[in-house]
Amino acid sequence: MDFNAIDTKWNNLWQQGKVFEANHSKEKKFFLSAAFPYPNSPQHIGHGRTYTTTDIYARYLRMQGYNVLFPMGFHVTGTPILAMAKRLGQKDEEYLRIFEEIYGISRETSATLTEPKALVTYFSHEIEQGMREMGYSIDWRRKFYSYDACFNKFIQWQFRKLKEAGYIKQGSHPVPWCPSDNNAVGAHDTRGDVDPQIEEVTAVAFEIKGEGSLLCSTYRPETVYGVTNIWINPSAKYVKVEMNGKKFIISQDAANALSQQFGLKIIGEIKVAELLKKEAINPLSNAKLPIFEAKFVEPKTGTGVVMSVPAHAPLDYLALRDAKLDGKVKLVQVLTVEGFGEFPAKEIVERMKVPNQLDSKAEEATKEIYKKEAHTGIMKVGEFAGEGCATAREKIAAALAKKGQAHKLYVLANSPVFCRCGALCSVKMVQNQWFLDYGDKKWKEKAKECLSGMKIMPQQTIADYLYTIDWLNERACTRAAGLGTQFEFDKTQMIEALSDSTIYMAFYAISHYAKDLPADALDEKFFDYVFLGKGKAPNEAAKKMHEEFEYWYPFDSSHSAKDLVHNHLVFFLFNHACIFEKKKWPKQIVTNGFVLMDGKKMSKSMGNIMPIRAAIKRYGADVIRFSVVAGADLSSDTDFNKSVAEGISSRIKSMGELLEKTIAHDAQKGAKTSAKYDAADKWFYSRLHRRVKNAPAMFESFQIRELSQEILFETFNDMQHYLKRAKEPRLREFFEYWTALSAPFMPHIAEEFWEKLGKKKFVKDAKFASLAHMPAADEKKIDEEMEKQEQFLLSTREDVVTLLRLLKKEGQAKKIHLFVADEWKREVRSVVAREKDFGKAIKACLANAKLKPHAAEFKKVIETCMKDVGALKSEVLSSQQELDALQNGAEFLKSEFGTEILVKKESEAEGAQAQRAKNAMPNRVAVAIE
RNA sequence: GCAGGGAUGGCAGAGUCUGGUCAAAUGCGCAGGGCUUAGGACCCUGUGACUUUAGUGUCUGCGCAGGUUCAAAUCCUGCUCCCUGCACCA
């Protein structure tokens, strides 16, 4: 089987036949989509998981008779593509290498990708081609890019609606900032792709009479009571600054960084030597504090001035000890800490034998104490004595701030972070930043109402949605640069990437028409009519688009990987709830886990990314489809590796070979067999129809893993057994059902099989398996008794195998006798099942008239039954049924063991066998081997 | 720190809601055998330990420590460890 050839054949036929183009009609519809990709790289097999899951579902629903719309577009909004084009233009070696080694893009090609649009075009074509090769049943006519003029108009309309609703606000906001580029920085703007993390710290003011205040940044304002001195770095430069009419002393570096956050003015330098002579005043205890020098103080971190709490901060204690001041300064205890005495910092430093402040163990000790004190520390002094460390911290910070003795400031927690331009990043307080007010209570309520009407898969993620809805606050919705849509209310701004992709699904409903209209025509009235049905249709186009939207909306199912739960998917709820009327709110969200490569996360730095098109080339699309969805439950991550893909491949191939054989056989002998089903046929088709019957519920609940297991492995195993068991296997019917059932998973191969089978079984004139109806199970063929009998036959076979091995008589037995337990033993079994107790069971049996004749024997039977009393719940076959099962399977057993098989009832045993026959139990035959 | 998820055999991964049929599905790996010129293809068997030449039995076992129960991977309590997310970034 040449998978690639089959893929190509059917991809072309589908395209030519316009099989997946969906138009509004009278039929019941289903509108679903998966998050549209950001084209700044080729896609890898991880992306394939979400799209494959979506496509399986789409194909399943199509086969259930729905008019299914599965569209796709490209999200190009934001800065990474801009940044990437710029870097390629600069011949950035890091990028060129990634392109070459991981994406397989030559340097010549890279040289042509220095414009954002060229990059978008290149990767979106690459991605689209991959999706086509994977056989995704997408209506490509509706494709658009988020920078298309018609889409811009749509987003601007959306933002006008949000503004009308009062959800767009302005205010100040801290962002990671490059002072040299004069722009906000994200992970893709920094050296080594470090994600800059903003953290809030408290800066406490320690007054120096006549000079202003020393500003000390700290994570632990509750320890101000214990401050014994102030640290400054002897080799740093300190300056006086003016801020809100007050004077402060901080390092020069800090002044530069903080000027981005506050309107501060540097008044002049102050020499370290001069500072060291001064005294500062503790704002809480009013103690006079000396100022000392310490090397551990980083002038670039925080304010460059550090308050010293030697009782609780190991670094402070170490610095004192290094300067031989530990004898002179009196430590002040602030907290009582579990497992420590008066001065925890001193204790831990001594216990861990930290040599000095610059040793790496100093940091370890700090972390340890910080954690311990935050957990178990109780305030010993001050206004909040008796309270826990964490609550006291907040209260003290607030109290100091109220008196103007503390200020909130922002720092980069993972500092230093460098911009790719080389400058050190800091935090800037952006003024007049535009926000979407997701903190609005009423809006939150609406979003929750929307959520409550939806089906969320996997169900356990509902908690995440609720949590995120509650937690969301004002969120910046514009940026100074980027591709996408201009922000109408402030033309210096572009709408930010996560804000223009919240209701874009609605645009798919009309995108294939919108493209043909001049952008000017898409004004307020136009969209009000199309999406909200307000007013009269401004023109024919609007009317047509309104009808289309009315047909396809509400949006039935949104698919993505699980990382979008905390942002995009929640915004999706908020925005739908705001813009559209309730009956147009979305119905379902499905999220899935990631794909690992040989057990490890795929990443550029590890170089273990497998591009999806390379994977298709190697294994075939359908094998990849199975590989990314069959391995794990929807919610958990799945592993892709060679052996999984090869295993799937070989199963599919052997199915193909069998299909060929079946067809050849039928052609020779004629497909019709008039003979009735025998036991083996009944068993096999009972299993098949049971699976067919259960399948729809499994598709609906996204038990994709279980379904693939059934289709690929369990059905396959059944067939293996059936082939051995059946006198004349009839596989045609099986293949007709199996092909349809597996078509959503392996569409190309299913089409190929379908064609070979003559393809008209389930729906008249279905040219494609993709359009055939999912077969309904023939429930008459589900035969539980037959399945049990076969099960019994198989376990009997197992017993014989075990016994032969035990006797070392494999292949040497002359005759094998099988004895079925008498009916009265079943009575005993059910008594034991009921009583669940040896004594009670005996009494019950004695009282049972039916068991009277067997009084001498039943005690032993009860004993045997009691061994696994829990197993007795399931019902067993009657003696006659067991007998039938074995007689029907006698041929099979004979061929398995190559010897004569004699089946009898226990009571019919004669001579030497009589004793053995007594071992027979319900559901377990007695075996006698000659 | 907060929130969510998790810990099962050589590996991956079911089983947990609804306790007993669980030495634990399925797949991979490994070992032995068969088929074959050969095999990475296919088939059979085995794969916690010990014991057993008539079909066993005993012990150990599902992160750790307890508890409930005739019975616990499954229920309860406490603990340890791991993963993911925490905002202006797609």
Check: So between A:Asn694 and A:Glu383, what do we pick up on full extension, going 0.36 nm a residue minus the alpha carbon distance?
Finding: 105.2 nm
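Ignoring any ligand, DNA or RNA, what whole percent of the accessible area of chain A comes from carbon and sulfur when the probe is 1.4 angstrom?
Details: 20470 of 41560 Å².
After summing per-atom areas, the C and S share lands at 49 percent.
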Item checked: Added length on full extension, which subtracts the Cα-Cα distance from 0.36 nm per residue, A:Phe838 to A:Glu779 -> 17.1 nm
Next item on the list: In whole angstrom, note down how far apart the Cα centers of segment A:190-251 and segment A:818-888 are.
Entry: 84 Å
Check: From the cross-link list A:Lys117/A:Lys604; A:Lys724/A:Lys873; A:Lys277/A:Lys380, which pairs have alpha carbons spaced over 28 Å apart?
Finding: A:Lys724/A:Lys873; A:Lys277/A:Lys380
Checklist line | FRET efficiency, A:Glu810 to A:Asp2 (Cβ-Cβ, R0 51 Å, nearest 0.05) | finding: 0.75
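Extension gain A:Glu900-A:Lys9, at 0.36 nm per residue separation less the Cα-Cα distance, in nm? Each step should come with its number before you reach the end.
Working: separation 891, 0.36 × 891 = 320.76 nm, distance 5.24 nm.
Net length gain for the segment: 315.5 nm.
Please tell me which of these pairs span more than 22 angstrom C-alpha to C-alpha: A:Lys395/A:Lys448; A:Lys562/A:Lys601; A:Lys153/A:Lys544; A:Lys525/A:Lys584? Provide the component values of the computation, followed by the final result.
Working: A:Lys395/A:Lys448 33 Å; A:Lys562/A:Lys601 15 Å; A:Lys153/A:Lys544 18 Å; A:Lys525/A:Lys584 19 Å.
Violating the 22 Å limit, Cα to Cα: A:Lys395/A:Lys448.
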Margin query: What is the sum of charges, Lys and Arg at +1 and Asp and Glu at -1, for the other residues whose Cβ falls under 10 Å from the Cβ of A:His748?
Written below: -3
Margin query: At 222 nm, what value in deg cm²/dmol follows for chain A if DSSP H runs of at least 4 each add -39500 (n - 2.57) and the sum is divided by all its residues, to the nearest 500?
Written below: -13000 deg cm²/dmol
Next item on the list: Please report, in whole Å, how far the alpha carbons of segment A:737-863 spread along each principal axis, starting with the longest.
Entry: 70, 42, 21
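Let me check I've understood the local charge: for A:Asp181, count other residues with C-beta under 12 angstrom from its C-beta, Lys and Arg +1, Asp and Glu -1. What total comes out? Don't skip to the answer; put the middle values down first.
Working: positive: A:Lys86, A:Arg420, A:Lys428; negative: A:Asp189.
Taking every Cβ under 12 Å from that of A:Asp181, the sum is +2.
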Item checked: Options A:Ser172, A:Ile155, A:Gln197, ranked by Cα towards positive dipole end of segment A:140-214, top entry (Cβ charges) -> A:Ile155
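With every protein chain present, what is the per residue accessible area of segment A:165-248 (1.4 Å probe, Å²)? Mind showing how you got there, number by number?
On the way: 3350 Å² over 84 residues.
So segment A:165-248 comes to 40 Å² accessible per residue, rounded to a whole number.
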Item checked: Rg and Dmax [Cα atoms of segment A:727-792; Å; Rg one decimal, Dmax integer] -> 14.0, 43
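What size of dipole, in debye to the nearest 20, comes out for segment A:694-740 about its Cα centre when the only charges are +1 on Lys and Arg C-beta atoms and -1 on Asp and Glu C-beta atoms?
Numbers: 6 positive and 8 negative charges, 62 e Å.
About 300 debye.
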Note to self: Could you tell me the ratio Rg/Rh of segment A:780-930? Both radii from Cα atoms, Rh via Kirkwood.
What the structure shows: 0.99
Next item on the list: Return the whole-Å distance between the Cα centroid of segment A:328-353 and the Cα centroid of segment A:36-86.
Entry: 57 Å
Next item on the list: May I ask what percent, to the nearest 5, of DSSP beta bridges between residues of chain A are antiparallel?
Entry: 70 percent
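At 25 °C and a viscosity of 0.890 mPa s, what translational diffusion coefficient does Stokes-Einstein give for chain A, taking Rh as the Kirkwood radius over Cα pairs? Give it in µm²/s as a whole number.
Values: Rh = 34.2 Å.
Roughly 72 µm²/s, to the nearest whole number.
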Next item on the list: With 19 Å as the limit, write out which pairs from A:Lys840/A:Lys860; A:Lys91/A:Lys617; A:Lys209/A:Lys408; A:Lys815/A:Lys905; A:Lys265/A:Lys428; A:Lys247/A:Lys408 have Cα-Cα distances beyond it, or answer none.
Entry: A:Lys91/A:Lys617; A:Lys209/A:Lys408
Next item on the list: Compute the separation of the alpha-carbon centres of segment A:891-910 and segment A:443-516 and state it in Å as a whole number.
Entry: 70 Å
Check: How much net charge surrounds A:Thr864 when only other residues with a Cβ under 12 Å from its Cβ are counted (Lys, Arg +1; Asp, Glu -1)?
Finding: +4
Item checked: Distance histogram in 5 Å bins (all Cα pairs of segment A:1-142, percent per bin) -> 2, 9, 16, 18, 16, 13, 11, 8, 4, 2, 1, 0
Notebook entry, point to check: With labels modelled as points extended 7 Å from the Cα through the Cβ direction, what inter-label distance (nm, one decimal) is found for A:Asn182 paired with A:Tyr219?
Noted result: 3.5 nm
Notebook entry, point to check: What size of dipole, in debye to the nearest 20, comes out for segment A:427-526 about its Cα centre when the only charges are +1 on Lys and Arg C-beta atoms and -1 on Asp and Glu C-beta atoms?
Noted result: 260 debye
Next item on the list: Rounded to the nearest 0.05, what FRET efficiency do A:Ser25 and A:Lys859 give with R0 = 51 Å and r taken as the Cβ-Cβ distance? Could you check?
Entry: 0.10
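Compute the orientation-averaged projected area for segment A:625-768 from the convex hull of its Cα atoms and round it to one decimal in nm².
Values: hull surface 36.8 nm².
If you wrap the Cα atoms of segment A:625-768 in a convex hull and average its projections, you get 9.2 nm².
What number comes out for accessible area per residue over segment A:55-157 if the probe is 1.4 Å? Units Å², please. Could you put the intermediate results ahead of the total?
Working: 3340 Å² over 103 residues.
On a per-residue basis, segment A:55-157 sits at 32 Å².
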Check: Once you put a point 7 Å from the Cα of A:Gln90 and another 7 Å from the Cα of A:Gln197, both along the Cβ direction, what distance in nm separates them?
Finding: 2.6 nm
Checklist line | Surface accessible to a 1.4 Å probe, per residue, for the residues of segment A:786-930, Å² | finding: 56 Å²
Check: If you take the beta carbon distance between A:Gln720 and A:Lys587 as r and set R0 to 30 Å, what does 1/(1 + (r/R0)^6) give as a FRET efficiency, to the nearest 0.05?
Finding: 0.15
Check: Between A:Glu298 and A:Asp678, what is the spin-label point distance in nm, taking each point 7 Å from the Cα along the Cα→C-beta axis?
Finding: 8.1 nm
Check: Between the helical axis of A:540-552 and the dominant principal axis of chain A, each derived from Cα atoms, what acute angle in degrees is found, rounded to the nearest 10?
Finding: 60 degrees
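Semi-axes of segment A:254-394's equivalent ellipsoid from the Cα gyration tensor, sqrt of 5 times each eigenvalue, largest first, rounded to whole Å? If you can, show how the numbers build up before the last one.
Working: eigenvalues 144, 76, 52 Å².
So the three semi-axes of segment A:254-394 are 27, 19, 16 Å.
The values are calculated or read from the model by the stated rules, or taken from the named source; none is laboratory data. Since we're looking at a predicted model, the values are computed, not measured. All Cβ positions, glycine included, derive from the backbone under ideal geometry; neighbour counts span all protein chains shown. Only protein heavy atoms, including side chains, enter the accessible area calculation; ligands, DNA and RNA are left aside. Shrake-Rupley method; radii C 1.70, N 1.55, O 1.52, S 1.80 Å.
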